[in-house]
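The values are calculated or read from the model by the stated rules, or taken from the named source; none is laboratory data. Note that the structure is a prediction, hence the values are computed from the model and not measured. Heads up, the Cβs are rebuilt from the backbone with ideal geometry, glycines too, and the neighbour counts pull from every protein chain shown.
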Amino acid sequence: MNERKIPKESSISSPLVVTSALSKIDIALIKQYLELCKPKVVLLLLITAVVGMHLASPSWVSIDILLVGTLGIGLAACAAAVVNHIVDEKIDILMLRTQGRPIPQGKIDPYKAILFAVVMATTSMLLLIVFINFLTAVLTLAGLVGYAFIYTMYLKHATPQNIVIGGLSGAIPPLLGWTAVTNSIDREAIVLVMIVFTWTPAHFWALAIDRVEEYRKAKVPMLPVTHGIEFTKSYVIFYTLLLFVVSLIPYFIKMSGLFYFVCAISLGAWFVFYSIKLKFFTQEKTAIQTFFVSIYYLFYLFAALLIDHYINM
């Protein structure tokens, strides 16, 4: 009687299975480290930086400045985001929006995250000093310190105006893009910073209104927690109106032309409409809708600046 032999797994298939498993682990880990970098936030900041580079250039931006400058600025922004994750670990556990982040979930050790941030920040400074210019490196470092340490470690827990005072570090990328090309701080670059700086409170407070109970639970003194939702809604209107005015400055100082002017008015009216809706005609999802409108607003506004620049050129 013939016995049926059960085929043994070949010596070749075993390493393949192990390699496949390791690849899956590596990909999962890479995704966790990428999440620490807040890629969506960093991408929006880099868009403003790249537009700053183009606006500072009378023709096309040099490819080495575009690539190396963007990489250097981006690595610094990522390093600041990682520090934010590390410092906010205890807060993130308490908030539904953030409790799934890698550090609160124990997927990445905080000490490894610190090393990750240090490597990115160091690489950023080396790239900017060696291949761009010292001014851009210094300003980038100032932005990193401002967000990762002054805002995250102190201002966020010290005052309901945290996002206003700390917003300067988040508004600096277009200036970094400008100085990467010119090695100088000019009025046009300051106007770009003013636009992002004025945009930040309305953008962030719309989210804070939507997540007010989470911030209250985490004992973070955001404006809707300390002064109430209705008070914050009034401030959102104030800042969107102020932003509407500030966004027109590029046209009046002849930094941009008619195309941008029309876009700025249209986009500003769109953002103001949502801020008024949030205050007087609010519904369940209006706050988070206003938050997303603010993101699209900034993207489209800087896209309009870029298109207008090359139309006029």
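Assorted remarks:
- Tally of residues being within 11 Å of Thr179 (Cα to Cα) and either within 21 Å of the chain's Cα centre (by Cα) or surrounded by 15 or more Cβ atoms within 10 Å (Cβ to Cβ) (or both) across the stretch 129-138: 6
- Those helices (runs of 4 or more DSSP H) of the stretch 239-313 in which at least 3 residues are of a type outside the set (Val, Ile, Thr) and exposed (fewer than 15 other Cβ atoms within 10 Å of the Cβ), considering only elements entirely within it, cover 258-280, 286-312.
- The stretch 17-42 residues that are in a helix (DSSP H, G or I), paired with ones that are of a type in the set (Val, Ile, Thr) and modelled with pLDDT under 55 (beta carbon under 9 Å, 6 or more apart): none
- Number of positions in the stretch 144-176 that are free of Cβ contacts under 8 Å to residues at least 40 places away in the same chain and over 26 Å from Val191 (Cβ atoms): 1
- When the stretch 167-226 is limited to residues that are of a type in the set (A, V, I, L, M, F, W, C) and not in a helix (DSSP H, G or I), the one that is surrounded by the most Cβ atoms within 10 Å (Cβ to Cβ) turns out to be Ile172.
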